[in-house]
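Notes to accompany the following structure.
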Amino acid sequence: MSMSAGEEAAKRRRVRDGWLLSAPALLLLTLAAAGPLLVVLVYSFLTPGQYGGVVWEFSTDAWVGILFTRDIFTETMQLADAHLAIFWRSVRLSLLTTLITFAVGFPTAWFIATRPPKARALWLFLITIPFWTNLLIRTFAINEVIRNEGILNSVLMAAGIIATPIQILYTDTAVLIGMAYVYLPLMVLPLFAAIDRFDMRLLEAGYDLYANRWQVLRRIVLPIVKPGIVAGSILVFVPSLGAYVTPRVLGGGKQMMIGNFIELQFGQGRNWPLGASLSMLLLLIVLAALLVYVRAAGKGGAHGQ
Amino acid sequence: MTETIAVEARNAIKAFGQGDVAVRALDDVSVQIRKGEFFTLLGPSGCGKTTLLRLIAGFETPTSGSILLDGKDITSDPPNRRPVNTVFQSYALFPHLTVAQNVSFGLQMQGRPKAEVTATTDRMLALVRLEAMAGRKTSQLSGGQQQRVALARALAPQPKVLLLDEPLSALDLKLRKEMQTELKRLQTETGITFIFVTHDQEEALTMSDRIGVMSAGKILQIGGPRDIYTRPANRFVASFIGETNFLPGTLRDGRVILASGGSIEVAATLRNAGNVTVAVRPEQVRIVPATEPDALPATITDLVYFGTDTHCHMALADGSEVVARLQSSVSGEAGLERGGRVGLRFAPGAAQVLGE
């Protein structure tokens, strides 16, 4: 059985070569991702320094501080309403962004998937163009559209539809518009991939079996493209939750989201451990969302083919 | 009226494309399909048979003309309002649903009560012998089983008409034969009108009560299998269904004088019409000794063995080819061999005069 022994050796060699070849990437990932993450984790259990930074003294204050604040006079713990409001706004705006991008993205993806192959490539390219533009520039572009003297208000006033400008900028609506615009491609692409695989002949089968348009959509199309919906939703929800630039530019600093709140702790707040614990919390939420995705995708895969 | 019409197409025209490039997939088709019959639309691919089926199902609307169901004009009804169901060529089973959920889909969409949905679904699964597979996903089934699910799903809502679009084309030969019998059984048991589309003439002949032969968007002939086989209306039908010898000649006083010499007796009612083509099925060609009087002289060019049958290819005096199908035992005993000179006779009434 020298053959199989030789094969075994070859296999061992292939495995070893594989590790060698991926070593640079593994090294980079360890140093650039796991390393800083570990630093953040450690910082979240330290004491804040007076002018920023940390003092190397173990403390769980930063984690407690996510939900509670110590009243400086009575020294009692109180629920940190301001923090909760920021968390709630972040989750609410992210969910709404996901919903809006789905509502806009699904018809878009359907439209693209039902074009002839050549036109399809063009439409996909157009959808991804914003990706090649700097996020800050895109956000300021939205700012230009919705501000009081901006394009939208000017046109509406010139048309005589409104007498005074609508205040959109620096509201939650502005943040929503901005995030929906920025993350739309992340919803469209996985939806397109799912719809592209969808067998359009099933639509006829549905109509043939007495389903109306709505029933065909709800009972046939949506369940089958569900993996794409879940993927798109995760891809939009996760970065929305940690969004920093968009709420900063369009929300005007008052409408804070978790991302801005974290930045605040590392800046003016001079509470690095709290910033670190908030970052870890954000990461945990994201991991939870990914877990949902993996489970949904696993179920989706079972009836694939 | 002893017979009633289930489906009728009246002057149905379906054109695809616009203006000069428009192609008529259906060119003024009128047909009446009787209640409870197994009607087959037979023709080569691109002849318009599937288009006609899709007009009846409601997936396409005719460019002009109308479709009637039970005498009611349904031309503008969408497919979900037509009491007609389809078995698709690709089956188009719902991959996210189980076998039972697939079968009950139509009933649920019709808003039938839950108890009825369950009962009917069970009955349909029993009808196609898939009770044991009720909880499986359709992707776990074999081709033949998927075919049965598609059938059960389409039959469950008890449609007035069942449309079958080449449903057996994806199956291998043995399974196809089984399903042919199965389909015929289902049709007899349910009493539902079946409209079956196929390009397989043998399938059409074995299953159908009546066949409509189509070519280039037109129905060329409608009739029972025997009718179509023995009395083809024209050259296309004669050549598409079964094998046929075509012999040119001239018609005179109830006989066709063949170009190759000799003559064949045909139905006396035919008027003298100058040049005609006579169609004779290979099994109607008799081989006799060359010495027999009145026999058409021929030379054997090839003998092809098919098991039970042997095909004997022969050349006539003018070079035209005639094929005779003989039982292999007979051809063996007769001592036929390549190059041998023989005489031909045709079974009485076998010759069919075709319009050009």
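The values are calculated or read from the model by the stated rules, or taken from the named source; none is laboratory data. Everything numeric in this text was worked out from a predicted model, so none of it was measured. In this analysis, Cβ positions are derived from the backbone assuming ideal geometry, glycine residues included, and neighbour counts consider all displayed protein chains. Note: accessible area is taken over every heavy atom of the protein model, side chains too, but ligands, DNA and RNA are not part of it. Shrake-Rupley method; radii C 1.70, N 1.55, O 1.52, S 1.80 Å.
Worth pointing out:
- Some residue of the stretch B:186-198 being surrounded by fewer than 20 Cβ atoms within 10 Å (Cβ to Cβ) and acidic (Asp, Glu): yes
- Selection status of residue B:50, free of Cβ contacts under 8 Å to residues at least 24 places away in the same chain, within 14 Å of chain A (Cβ to nearest Cβ) and open to solvent by 20 Å² or more (accessible area, probe 1.4 Å): no
Okay, residues lined up against (1) at pLDDT below 90; (2) open to solvent by 10 Å² or more (accessible area, probe 1.4 Å):
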| site | (1), (2) |
| --- | --- |
| A:232 | no, no |
| A:256 | yes, yes |
| A:277 | no, no |
| A:281 | no, yes |
| A:291 | yes, yes |
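- The stretch A:196-206, subset assigned to a helix (DSSP H, G or I) and open to solvent by 10 Å² or more (accessible area, probe 1.4 Å), residue farthest from the other protein chains (Cβ to nearest Cβ): A:196
So that you can scan it fast, the table gives a plain yes or no per residue for (1) part of a loop (DSSP other than H, G, I, E, B); (2) aromatic (Phe, Trp, Tyr):
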{"position": "A:170", "(1), (2)": "yes, yes"}
{"position": "A:183", "(1), (2)": "no, yes"}
{"position": "A:217", "(1), (2)": "no, no"}
{"position": "A:221", "(1), (2)": "no, no"}
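- Of all the criteria given as (1) closer than 25 Å to residue A:202 by Cβ; (2) away from chain A (no Cβ under 14 Å); (3) open to solvent by 10 Å² or more (accessible area, probe 1.4 Å), the one not satisfied by residue B:44 is (1).
- Tally of residues being open to solvent by 40 Å² or more (accessible area, probe 1.4 Å), small (Gly, Ala, Ser) and either under 26 Å from the mean Cα position of the chain (by Cα) or more than 17 Å from residue B:295 (Cα to Cα) (or both) across the stretch B:307-331: 1
- Only one entry of A:235, A:176, A:209 meets the criterion of being farther than 21 Å from residue A:120 by Cα and within 14 Å of another protein chain (Cβ to nearest Cβ), and that entry is A:209.
- Residues located in the stretch A:93-123, provided they are open to solvent by less than 40 Å² (accessible area, probe 1.4 Å) and among the aliphatic types (A, V, I, L, M): A:93, A:109, A:112, A:113, A:119
- Residues of the stretch B:113-147 that turn out to be touching a residue at least 24 places away in the same chain (Cβ under 8 Å) and open to solvent by 20 Å² or more (accessible area, probe 1.4 Å), as a count: 9
- Among the residues making up the stretch B:13-41, those that are basic (Lys, Arg) and either part of a loop (DSSP other than H, G, I, E, B) or open to solvent by 30 Å² or more (accessible area, probe 1.4 Å) (or both) are B:24, B:34, B:35.
- Those residues of the stretch B:78-101 which are touching a helix residue (DSSP H, G or I) at 6+ places or on another chain (Cβ under 6 Å) and more than 9 Å from chain A (Cβ to nearest Cβ), in sequence order: B:87, B:99, B:100
- Within the stretch B:62-89, tally of residues that are without any contact (Cβ under 8 Å) to a residue 24 or more places away in the chain, surrounded by 15 or more Cβ atoms within 10 Å (Cβ to Cβ) and in a loop (DSSP other than H, G, I, E, B): 3
- Residue B:104 under 25 Å from residue A:222 (Cβ atoms), within 14 Å of chain A (Cβ to nearest Cβ) and crowded, with 21+ Cβ neighbours inside 10 Å: yes
- Selection of the stretch B:261-299 for residues being out of contact with any Pro (no Cβ under 9 Å at 6 or more places or on another chain), at pLDDT 85 or above and crowded, with 19+ Cβ neighbours inside 10 Å yields B:280, B:281, B:284, B:285, B:287, B:296, B:298.
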